[in-house]
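All remarks here apply to the structure that follows.
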Amino acid sequence: MQLKFLAVALTAALTISTALAQAQAQAPIVIKFSHIVAPNTPKGMAAERFKMAAEKLTGGRVKVEVYPNSSLYKDKEELEALQLGAVQMLAPSLAKFGPMGAKEFEVFDVPYIFPTKQALYNVTEGPIGKGMLRRLESRGVVGLAFWDNGFKVMSSNTPMHAPEDLKGLKMRIQASKVLEAQMRAVGAVAVPLSLSEVFQALQTGAVDGTENPPSNMYTQRMHEVQKHVTVSNHGYLGYAVLVNKKFWDGLPADIRVQLDKAMADATVFEKAISQRDNDLALDAVRKSGLTTVYTLSPSEQAAWRAAMAPVKEDMEGRVGKELMAAIGRQAK
Ligand code: LMR
């Protein structure tokens, strides 16, 4: 009688553990993709495109959950969360890599370093960019791609035509030493803040102005609390798509291949939409009637360039003299 009971109990235990193992084998691999901008921005739309491609190419074995608008983590927290494995994927702006120790990424913040988009692509899609992504692996993250968000405009409540017009203004920046030096060069006071705090800081007057590509400015509603926008194209904003290295290395090889394909697809898509999205956003800012949009003339732009020129030399020690020179050669 006792033996029979034992046999039944054993069979039941076996059935349960087989069912559990099967369920585990079938449960999708979840990728939490956290970011801090609105869904209707180049980064937001590319994250959704990646989700679609990844789920399709893996036949549902991978599920991508996209968390936009700092709904999971803010600027600095998201990098820490990635390194700890609390999320698997991010696309932080290149200006945010300093606190992780990857200061060389701040080279992208150097004012007027890329004379054209092509000069930028020569860097991000060539050996320089690939080397930069590879070196991130020592920090526990794998760099999958560069995404683009174009050149920045400057905003405040007073007109900014000459660089002197920025003197004394408190300007919100991303936490980058190069951006700090850029604001210092024009006599402004740099105030690092998370993106999710910018609208309120502008609204309450805690800061006077800020910089961003039009897409972020419009979707974060900054133009509603800024009277003037200057199209200065003084700096660049881009992203590196990162994945937690331990998670990535632990994936089945065939899944990694499909995710690489999905990333390639999302990257082509992102590059194709970013300029247009920013053009549309600038148009929308203009049409809102809340902000005056001013475009610098070539001679005004030359004055901005001259005022910000010392940043390059000042920051060579931080981002690397050789890297700066190598990027300079690409720009020719
Ligand atoms: C910012 O100002 O913090 C943004 O440019 C960040 C982003 O991810 O676009």
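The values are calculated or read from the model by the stated rules, or taken from the named source; none is laboratory data. What you see is a predicted model; the values in this text were computed from it and never measured. Glycine gets a Cβ as well: all are built from the backbone with ideal geometry, and neighbour counts include every protein chain shown. Please note that ligands, DNA and RNA were not included when accessible areas were found on the heavy atoms of the full protein model with its side chains. Shrake-Rupley method; radii C 1.70, N 1.55, O 1.52, S 1.80 Å.
Do the conditions hold for Glu77, that is, is it within 16 Å of the ligand (Cβ to nearest atom), of a type in the set (D, E, K, R), open to solvent by 50 Å² or more (accessible area, probe 1.4 Å) and modelled with pLDDT under 95? Considered against the rule, which asks whether it is within 16 Å of the ligand (Cβ to nearest atom), of a type in the set (D, E, K, R), open to solvent by 50 Å² or more (accessible area, probe 1.4 Å) and modelled with pLDDT under 95, Glu77 comes out as yes.
Going through region 39-55 one residue at a time, which ones are in contact (Cβ under 8 Å) with a residue 40 or more places away in the chain, of a type outside the set (A, V, I, L, M) and more than 11 Å from the ligand (Cβ to nearest atom)? The answer is Asn40, Arg49, Phe50.
Across region 107-146, the qualifying residues are those that are part of a loop (DSSP other than H, G, I, E, B) and among the hydrophobic types (A, V, I, L, M, F, W, C), and the one among them that is nearest to Glu270 (Cα to Cα) is Phe114. Just a yes or no: is a residue in region 107-115 within 16 Å of the ligand (Cβ to nearest atom), open to solvent by less than 60 Å² (accessible area, probe 1.4 Å) and hydroxyl-bearing (Ser, Thr, Tyr)? So far as region 107-115 goes, no, none of its residues is within 16 Å of the ligand (Cβ to nearest atom), open to solvent by less than 60 Å² (accessible area, probe 1.4 Å) and hydroxyl-bearing (Ser, Thr, Tyr).
Per-residue answers, yes or no, for (1) under 30 Å from Arg49 (Cα atoms); (2) in a helix (DSSP H, G or I); (3) open to solvent by less than 30 Å² (accessible area, probe 1.4 Å):
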site: Ala266; (1), (2), (3): yes, yes, yes
site: Ala272; (1), (2), (3): yes, yes, no
site: Leu280; (1), (2), (3): yes, yes, no
site: Asp283; (1), (2), (3): yes, yes, no
site: Tyr294; (1), (2), (3): no, no, no
site: Trp304; (1), (2), (3): no, yes, yes
site: Lys312; (1), (2), (3): no, yes, no
site: Ala325; (1), (2), (3): no, yes, no
site: Arg329; (1), (2), (3): no, yes, no
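Ala145: within 16 Å of the ligand (Cβ to nearest atom), farther than 23 Å from Tyr294 by Cα and surrounded by 21 or more Cβ atoms within 10 Å (Cβ to Cβ), yes or no? Answer is yes for this residue. For region 51-62, a tally of residues being in a helix (DSSP H, G or I) and either polar (S, T, N, Q) or open to solvent by 70 Å² or more (accessible area, probe 1.4 Å) (or both) returns 3.
When Glu104, Glu65 are checked against the criterion of being open to solvent by 10 Å² or more (accessible area, probe 1.4 Å), outside any helix (DSSP H, G or I) and within 17 Å of Leu242 (Cβ to Cβ), a single residue qualifies: Glu65. One residue is enough: does region 83-92 have a residue meeting the conditions modelled with pLDDT of 95 or more, surrounded by fewer than 21 Cβ atoms within 10 Å (Cβ to Cβ) and either within 16 Å of the ligand (Cβ to nearest atom) or not in a helix (DSSP H, G or I) (or both)? The answer is yes, given that some residue of region 83-92 is modelled with pLDDT of 95 or more, surrounded by fewer than 21 Cβ atoms within 10 Å (Cβ to Cβ) and either within 16 Å of the ligand (Cβ to nearest atom) or not in a helix (DSSP H, G or I) (or both). Restricting attention to region 226-242, does a residue exist that is part of a helix (DSSP H, G or I) and open to solvent by 10 Å² or more (accessible area, probe 1.4 Å)? Looking for residues that are part of a helix (DSSP H, G or I) and open to solvent by 10 Å² or more (accessible area, probe 1.4 Å), one finds none in region 226-242, hence no.
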